[in-house]
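S.K.: If you scroll down you'll find the structure; I have some questions about it.
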Amino acid sequence: MVRQAWPLPCQPAPPANTPLPLFDGLFLQDPYPTYRALREQGPVHWRDDVFQGAWILPHYADVAFALRDPRFSSQRTGGWIKRVPDAATPAADGRGQAGRDAFQRMFARAMVFLDAPDHRRLRRAMAAGFHPSRIRALAPRIEQLADELFDPLQHCPQFEFIGAVARPLPSRVMALLLGVDRSDEARFMAWSDSLATFIGALQPSADELRGARRGLMQMAGYFDGLLRERRQAPGTDLIGCLLQAEAAGEIHADGELVAQCAMLLFAGHETTRNLLGNAVHTLLSHPAQWRALRACPEAMPAAIREILRYDSPVQYTGRRVAATLTLHGHTLRRGDLVLALIGAANRDPARFAAPDTFDIARRESSHLSFGSGPHVCIGATLALLEAEVTLRQMARRWPDLRLAESTTSWNGNPGLRGLTKLQLRTVG
């Protein structure tokens, strides 16, 4: 394949000495000029307007360092949830302090919010369910699920991709992986939406807290009932693997299993949905790259890696400083919140040549979109498979696929970047 590059025109970065407005409307449409300015202004920034105070890391080396070093803790749910304002309401209706505490405990048990040794124990218990051979064996079933979504669109001159494919496909794949009833798809997506709104908000509101709390607790109730049934016949799907780990004492019987199921359903749906939408949008925004990929389908894995680098579905992740340290002359004290800007790190010119250029032939492939270190995404192989199946089907079905004009709508979520609408034309 001939190596070429197609830069995407974007807004100019703010002047170097201008205080940067973070996460405003312009940023939510295109965060990358702001990231560029942050990198140029320095490696570490304190912001009072983010989560009631946080350190911002925009450089690749520092983000990778924070994701790997145990002095940056993943246990951050307590301060995050407790600082959200909430009206005092009776505990009996699930919306008072008792409800908030139950919500926080459920969050805190999820593997993504744990440090070693609990994180290591849970990840080991879940590893069998995400073994690459097990995931690859799902490929024919995922192809079938994609066919079910694409077939009704085959002869449509135009369709909206997010609602038709990007939202339902990951939900159905997670139902397949977990072994749950696909008929509950609408509930899965509603629960996921409420959690995504809360998790991605910089200053979550009381309404966003209540919505997320309701969604997570309903999800937990769903899995609690399902697990009671499945303990009689565990099966061989992911829930069956987790039940075996629970029986062996690798997962504690204090709600840990329910928490892992709930967060897997959320993470597997939300981030993959955004990956699919961002992938199609990025490729079709660069028509020559789309043509090059169609002409060389074996480049698909490399193209997906570049999509993840160029426009990551996860734009940042948080850590709490577990032990006071000095970073680039700044004292980060125990308990301080740190936001590692994955989206900025993936565009760092110190790590990637011409980082604002989308190039599916790029050789540097070490993006941070799946994280790094002990918390690297356990479901990365599954997400990559879903993206590859989707893009291959679209290239085969609609070689002249293109974006429809003025129909792209971003979700306004600074942490979980994705589209709510993406209208596509299948004919010229």
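The values are calculated or read from the model by the stated rules, or taken from the named source; none is laboratory data. From a predicted model like this one, the values you see are computed outputs, not experimental measurements. Heads up, the Cβs are rebuilt from the backbone with ideal geometry, glycines too, and the neighbour counts pull from every protein chain shown. Only protein heavy atoms, including side chains, enter the accessible area calculation; ligands, DNA and RNA are left aside. Shrake-Rupley method; radii C 1.70, N 1.55, O 1.52, S 1.80 Å.
S.K.: Peptides 384-395, 225-236: what's the order by average Cβ count within 10 Å, highest mean first?
M.R.: Values: 384-395: 21.1, 225-236: 12.2.
Put in order of decreasing packing, that is 384-395, 225-236.
S.K.: Still on this structure, please answer the following. Mind checking which of 240, 27, 287 is farthest towards the positive end of the chain's charge dipole, using Cβ charges of +1 (Lys, Arg) and -1 (Asp, Glu) about the Cα centre?
M.R.: Comparing the listed Cα positions along the dipole, 240 ranks first.
S.K.: Binned at 10 Å from 0, what are the whole-percent values of the Cα-Cα distance distribution for segment 96-229, short to long?
M.R.: Pair shares across the bins are 10, 30, 36, 19, 5, 0.
S.K.: With n ≥ 4 as the cut-off for DSSP H runs, can you work out [θ] at 222 nm for the chain, using -39500 (n - 2.57) per run divided by the number of residues, rounded to the nearest 500?
M.R.: -15000 deg cm²/dmol
S.K.: Let me ask something else about it. Residue by residue through segment 163-170, what is 3J(HN,Hα) from phi via Karplus (6.51 cos²θ - 1.76 cosθ + 1.60, θ = phi - 60°)? Round to whole Hz and write x for glycine and proline.
M.R.: Computed from phi, the couplings for segment 163-170 are x, 7, 10, 5, 7, x, 4, x Hz.
S.K.: Show me the three semi-axes of the equivalent ellipsoid for segment 284-428, from the C-alpha gyration tensor (sqrt of 5 times each eigenvalue), largest first, rounded to whole Å.
M.R.: Taking √(5λ) for each eigenvalue gives 34, 17, 14 Å, largest first.
S.K.: Sticking with this one: Just the number please: accessible area per residue for the chain, 1.4 Å probe, all protein chains included, in Å².
M.R.: Per-residue accessible area for the chain comes out at 41 Å².
S.K.: Take the alpha carbon gyration tensor of segment 213-345, find the square roots of its eigenvalues, order them as a ≥ b ≥ c, and report rounded if a/c is under 1.5; if not, report prolate when a/b exceeds b/c, else oblate.
M.R.: oblate
S.K.: Here's something else I'd like to know. How would you rank 165-173, 179-187, 308-316, highest first, on the average number of other Cβ atoms within 10 Å across their residues?
M.R.: On the way: 165-173: 23.8, 179-187: 13.9, 308-316: 25.3.
Put in order of decreasing packing, that is 308-316, 165-173, 179-187.
S.K.: Only four residue types carry charge here, +1 at the Cβ of Lys and Arg and -1 at the Cβ of Asp and Glu. Report the dipole size of the chain about the Cα centre in Debye, rounded to the nearest 20.
M.R.: 640 debye
S.K.: Suppose every Lys and Arg Cβ carries +1 and every Asp and Glu Cβ carries -1, with no other charges. What dipole size does segment 291-428 come out with about its Cα centre, to the nearest 20 debye?
M.R.: So the dipole magnitude of segment 291-428 works out to roughly 140 debye.
S.K.: Protein chains only, probe 1.4 Å: how do 400, 348 rank by accessible area, largest first? Before the final figure, lay out the partial values.
M.R.: On the way: 400 85, 348 10 Å².
Heavy-atom accessible area, descending, gives 400, 348.
S.K.: What is the packing order of peptides 152-163, 97-108, taking the mean over residues of other C-beta atoms within 10 Å and listing the highest first?
M.R.: With the highest mean Cβ count within 10 Å placed first, the list reads 97-108, 152-163.
S.K.: So, one more: For segment 308-376, calculate the relative contact order in percent as a whole number, restricting contacts to Cα pairs under 8 Å that are 6 or more residues apart.
M.R.: Contact order relative to length: 36 percent.
S.K.: Ignoring ligands, DNA and RNA, what percent of the accessible area of the chain is carbon or sulfur (1.4 Å)? Write out the running numbers ahead of the final one.
M.R.: On the way: 9440 of 17630 Å².
Its accessible area is 54 percent carbon and sulfur atoms.
S.K.: A further question follows. With charges set only on the Cβ (+1 for Lys and Arg, -1 for Asp and Glu), what does the dipole of segment 256-317 come to about its Cα centre, in debye to the nearest 20?
M.R.: Magnitude of the dipole: close to 260 debye.
S.K.: Please build a GNM for the chain, connecting alpha carbons under 10 Å apart, and tell me which residue among 274, 411, 346 fluctuates the most.
M.R.: Looking only at 274, 411, 346, the biggest GNM fluctuation is shown by 411.
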